[in-house]
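Participant: This is the structure I want to talk about, given as structure tokens.
The values are calculated or read from the model by the stated rules, or taken from the named source; none is laboratory data. Every value quoted in this text rests on a predicted model; they were computed, and no experiment measured them. Counting neighbours? That spans all protein chains shown, and the Cβs are built from the backbone with ideal geometry, glycine included. Note: areas computed on protein heavy atoms with side chains; ligands, DNA, RNA excluded. Shrake-Rupley method; radii C 1.70, N 1.55, O 1.52, S 1.80 Å.
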Amino acid sequence: SDDGGCPMTIQPSWFENTKLQESICKLSDWNFDIFEVAEATPRPLAFIGFVCLDAYSKLVDFEKRKLLEFLRAVESSYRKVPYHNSLHGASVARGVYSFCAGCGLSFTQEYMEFTIVLAGLVHDVHHPGLTATFLSKASVCGEWNSPVTSPLEYADMELSLKYNDQSPLENMHCAITFELLRNSETAFLAKEEVAAMRKPLLRAILGTDMAKHAETMTRLAALIDNLQHECESGSVPWHWPAQPPATASEEQRAVWERLYQEEFVLELFLHAADIGNPTLPFDQWVRWNRLCQNEFHDQGDREMLEFGELISPAVGFDRKASVKAEHGFTKGFMQYLALPLFQQLHDLTQVRSPNSVCQGVNIMVCVNNLKKNIGLWEDYTPVRDEDEPNKGRSASKPRPSLL
């Protein structure tokens, strides 16, 4: 790659900060605390993105100075919402980097590990802090009933209409990403590299839509079953209805199936990192959950302003809901969404088949943390910002400007 000088000359302040220096060698550890990076720099996504993508600089050719401009643009495009902000993007990117560098996830295509880290960085770029359910209802109304102030934009009202209710947020994230990859100031990859990464990158980002979670789980179960019984004929292939070209030779069919599985695995592990906060150490999980709950409550307030009623589950989105109800809402997410996904991913890694992309991957740290956290959550009482007037979102520690 085009060094354009070593990383230190590109962004010297990062490498003059002891805490950031120490964090670099810990990024592959699943239990790493991303909040430590957020306390050391106001640009956590740019820092995490630069360090993690630069780890693949011998496999993927890119311009480091333009990469930094790209990361700055991505970070600036993330909005100042409680949860779906640039720190979440940095956290998910760091998570998939850990899957690769710490847990053993790898691909035959050299650019795929780079692609999954890039996908993590951009997967929620410019997120308005609203769900697709809200956007769909808003598009029917056609106009805002209450003042539109930052971080919201008038264009948010049109997202669901623009994308026909089909993953409006994820489609928007993809569009912004590829605009930046095409812009001359931020196009850090050659056109050929972007073309190679486009399909798996799109698939991974679109796969983070929670509306697709059940379908993803069904396909994952089918993949495990196919790999366990690959000698048996007559079973429906896990990738159905997608099929290799009818004229493909046996060898070409095997190559097609391998690449298709790699793209799906990339999608799976990005989705896992995206909803994987409960698999982090308990104190980190509690902090992330609180931020997510703040965002849900903000949406609940907006729903009352826009629609005159809550259209999302009150237990999660009504800030007046009881702490007990909120506790059960979070427990349900841990037990019925996160745990089955990580258990099935673990089952996939345990299949002994030369055709499995995940053979040798070890995510037991995630599974063990999650099971432990479910137990700890039983006895934990969630605390809200309004219950701690001196510890609200506006009272976070000041951070030194290092970028």
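Participant: Using only helices, what value at 222 nm comes out for the chain when you add -39,500 (n - 2.57) per DSSP H run of length 4 or more and divide by the total residues, to the nearest 500 deg cm²/dmol?
Facilitator: -17500 deg cm²/dmol
Participant: Kirkwood Rh over alpha-carbon pairs of the range 261-362, then Stokes-Einstein at 25 °C and 0.890 mPa s: what D in µm² s⁻¹, rounded to an integer?
Facilitator: 156
Participant: Follow-up. Starting from the Cα gyration tensor of the range 95-207, take the square roots of the eigenvalues, sort them a ≥ b ≥ c, and report rounded, prolate or oblate (rounded when a/c is under 1.5, otherwise prolate if a/b is larger than b/c, else oblate).
Facilitator: The shape class here is prolate.
Participant: In what order, largest first, do Thr131, Thr149 sit by accessible area if the probe radius is 1.4 Å?
Facilitator: From most accessible down to least: Thr149, Thr131.
Participant: Leaving out same-chain residues fewer than 8 places away, which lysines sit with a Cα under 20 Å from that of Lys212?
Facilitator: Straight-line reach from Lys212, under 20 Å: Lys137, Lys162, Lys199.
Participant: Where q = 0.18, 0.22 Å⁻¹, what log10 of I(q)/I(0) comes from the Debye formula for the range 163-283, counting one point per Cα?
Facilitator: Log-scaled intensity ratios, in q order: -1.12, -1.31.
Participant: Continuing with this model, one more query. Find how many whole Å separate the alpha carbon centroid of the range 328-355 from the alpha carbon centroid of the range 44-123.
Facilitator: So the two Cα centres are separated by 24 Å.
Participant: Right, another one. Where the only charges are on Cβ atoms (+1 Lys, Arg; -1 Asp, Glu), what is the dipole of the range 25-142 about its Cα centre, to the nearest 20 debye?
Facilitator: Taking the Cα centre of the range 25-142 as origin, the dipole is about 360 debye.
Participant: Still on this structure, please answer the following. Leaving out same-chain residues fewer than 8 places away, which lysines sit with a Cα under 18 Å from that of Lys64?
Facilitator: Leaving aside lysines fewer than 8 places away in the same chain, those within reach of Lys64 are Lys191.
Participant: Shifting gears a bit: To the nearest 20 debye, what is the magnitude of the charge dipole of the range 92-186 about its Cα centre, counting +1 on the Cβ of each Lys and Arg and -1 on the Cβ of each Asp and Glu?
Facilitator: So the dipole magnitude of the range 92-186 works out to roughly 160 debye.
Participant: Straight-line reach from Lys320: which lysines fall under 20 Å, measuring Cα to Cα and dropping same-chain residues less than 8 apart?
Facilitator: Lys331, Lys391
Participant: Here's another thing I want to ask about it. Of Ala273, Ile34, Phe114, which is farthest towards the positive pole of the chain's charge dipole, taken about the Cα centre with +1 and -1 on the beta-carbons of Lys, Arg and Asp, Glu respectively?
Facilitator: Among Ala273, Ile34, Phe114, the one farthest towards the positive end of the dipole of the chain is Ile34.
Participant: Could I ask something else about it? About the Cα centre of the chain, what is the dipole size in debye to 20, counting +1 per Lys and Arg Cβ and -1 per Asp and Glu Cβ, all else neutral?
Facilitator: Result for the chain is approximately 520 debye, rounded to the nearest 20.
Participant: Now for a separate question. Just name one of Ser312, Leu71, Leu223: the one whose Cα is farthest towards the positive end of the charge dipole of the chain (beta-carbon charges, Lys/Arg +1, Asp/Glu -1).
Facilitator: So the residue we want is Leu71.
Participant: Which whole-number percentage describes the relative contact order of the chain, with Cα contacts under 8 Å and a sequence gap of 6 or more?
Facilitator: For the chain, the relative contact order is 20 percent.
Participant: I would also like to ask the following. Compute the distance from the alpha-carbon center of the range 243-322 to that of the range 138-195, in whole Å.
Facilitator: Cα centres, the range 243-322 to the range 138-195: 18 Å.
Participant: Just one of (i) 21.0; (ii) 34.9; (iii) 24.9 is mean projected area of the Cα convex hull in nm² as worked out from the coordinates here. Which one is it?
Facilitator: (i)
Participant: Name the residue from Phe99, Met197, Ser139 whose Cα lies farthest towards the positive end of the charge dipole of the range 50-203, charges +1 on Cβ of Lys and Arg and -1 on Cβ of Asp and Glu.
Facilitator: About the Cα centre, the residue reaching furthest to the positive side is Phe99.
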